[in-house]
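One structure is given below, encoded as structure tokens.
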Amino acid sequence: MTFTTPTPPQIEAAYAVARERYAALGVDTEAAMATLAAVSISLHCWQGDDVGGFENPGAPLEGGIAATGNYPGKARNADELRSDLDLVYRLLPGRHRLNLHAIYAETGGAKVGRDELRPEHFAAWLDWAKAGGHGIDFNPTCFSHPLAADGLTLAHPDPAIRRFWIDHCIACRRIGAHFGRALGTPCITNIWIPDGMKDTPVDRLGPRQRLRESLDTILAEPLDPAHNCDAVEAKLFGIGSESYVVGSHEFYLGYAINRPGLILCLDTGHFHPTELVSDKISSVLLYVRDILLHVSRGVRWDSDHVVTLSDETQAIMQEVVRGGFLPRTHIGLDFFDASINRIAAWTIGARNALRALLLALLEPTDRLRELELIGDTTARLALLEELKGMPWGAVWDVYCYRHDVPVGASFLNEVRRYEADVLAARRP
């Protein structure tokens, strides 16, 4: 099936009507698009190869990580992964970043311990980012490793194992700073660990004390925030840590509050299904400087489905815009689906995150806030409901058109061509 694209006159005509209708509500669509254009989404490299990395190709995932599906054409090496990413960036309006995990190092075939990783092991990624104008964010990889086999890393009771993971995270912070210095945009180095227990523990305090000490050691070296910014990420549970996770939301929130400048990561798939990240943003930002959003889609107890234009995705972006938090919010994606075309998954998720943000920017926020302050909740509700039928899609279409990316579902035509010309050759 081939998807058709509206003609430029059709796009402009629809936008002219939309612009007029939004102006009647006091919304400047041009200003909304200009604000959106300044936002860089950090794409997660691991969608392209099912979180495999290049350390031990073909090794099974461990540490609460699982990718399902076997759609043909996944990236088998760094050059293929970069080629796939290049296509995704061409299908997205705006200029965006890359979120890279430590296991995507290129060591020339040499065995390099994770605690011995250095900037030179990511030189090709840095050259690629410079050529494409992408910032890079970075993550230690504290899973799928023999020293994480029992589900503990920075909270491990064995000092030697704990030291290995401390040194790995220290190395990653230095690599992040190298990226930020070379690219002229701060790298966010985000620490997530799988530490926890499958069954109910007797000692909940001890592992958390060890984790706090490990983090203190990791973050002891001062790095220029113009080059590297540190973040920590919580999770409710993982495979093998169903009953207890050391790095809970409460743990990391307290830790971030007590360490000024530390960024708190809120992953939309890392909470109980009845908890909403959108409800946490305004509270958290009263006490921490910045947040990192990992936009994902939880489905029951699975945390990493492709982002859709769901109520929660929209609510998250509304909170960011309504609170004036956009300058303090770093937005990245975190999902991996191997059951569908991986490039399409990236593109669909990223475009939905951007569309949700555009929807939020097209709200008459000041007018809604004024109605709320004077107690006219009737008008507030009426206006919020009317906004759902506004022609925001025409604004999105012209935004894509002006950025020279496919309008509507026609992006899938390019994905299918790439699949036939490139991905098909990767079949076993």
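Where helices (runs of 4 or more DSSP H) sit wholly within the range 154-266, those with at least 1 residues that are out of contact with any helix residue (DSSP H, G or I) (no Cβ under 8 Å at 6 or more places or on another chain) and of a type in the set (Ser, Thr, Tyr) occupy 249-257. Residues that are basic (Lys, Arg) and not in a loop (DSSP other than H, G, I, E, B) within the range 288-313 comprise just one, Arg297.
Of everything in the range 337-373, what is acidic (Asp, Glu) and either in contact (Cβ under 8 Å) with a residue 24 or more places away in the chain or within 14 Å of Val88 (Cα to Cα) (or both)? Give them in sequence order.
Asp337, Glu363, Asp366
Taking the options Asp404, Asp397, Asp334, name whichever one is under 16 Å from Thr29 (Cβ atoms) and either outside the structural domain of Ser278 (by TED's automatic domain parsing) or surrounded by 17 or more Cβ atoms within 10 Å (Cβ to Cβ) (or both). Among Asp404, Asp397, Asp334, only Asp397 is under 16 Å from Thr29 (Cβ atoms) and either outside the structural domain of Ser278 (by TED's automatic domain parsing) or surrounded by 17 or more Cβ atoms within 10 Å (Cβ to Cβ) (or both).
Among the candidates Asn139, Asn99, Asn190, the residue that is farther than 24 Å from Tyr244 by Cα, touching a strand residue (DSSP E or B) at 6+ places or on another chain (Cβ under 6 Å) and surrounded by 19 or more Cβ atoms within 10 Å (Cβ to Cβ) is uniquely Asn99.
Restricted to the range 14-31, and to residues there that are among the aliphatic types (A, V, I, L, M) and surrounded by 14 or more Cβ atoms within 10 Å (Cβ to Cβ), the residue that is nearest to the chain's Cα centre (by Cα) is Val27. Restricting attention to the range 267-287, and to residues there that are in a loop (DSSP other than H, G, I, E, B) and in contact with a Lys or Arg (Cβ under 9 Å, 6 or more places away or on another chain), which single residue is modelled with the highest pLDDT? Out of the qualifying residues, it is Leu285. Out of all the residues in the range 401-422, which are in contact with an Asp or Glu (Cβ under 9 Å, 6 or more places away or on another chain) and more than 21 Å from Ala37 (Cβ to Cβ)? Result: Tyr418, Val422.
The values are calculated or read from the model by the stated rules, or taken from the named source; none is laboratory data. Note that this is a predicted model, so its numbers are computed, not measured. Don't worry about glycine lacking a Cβ; one is built from the backbone with ideal geometry, like all the others, and counts go over all protein chains shown.
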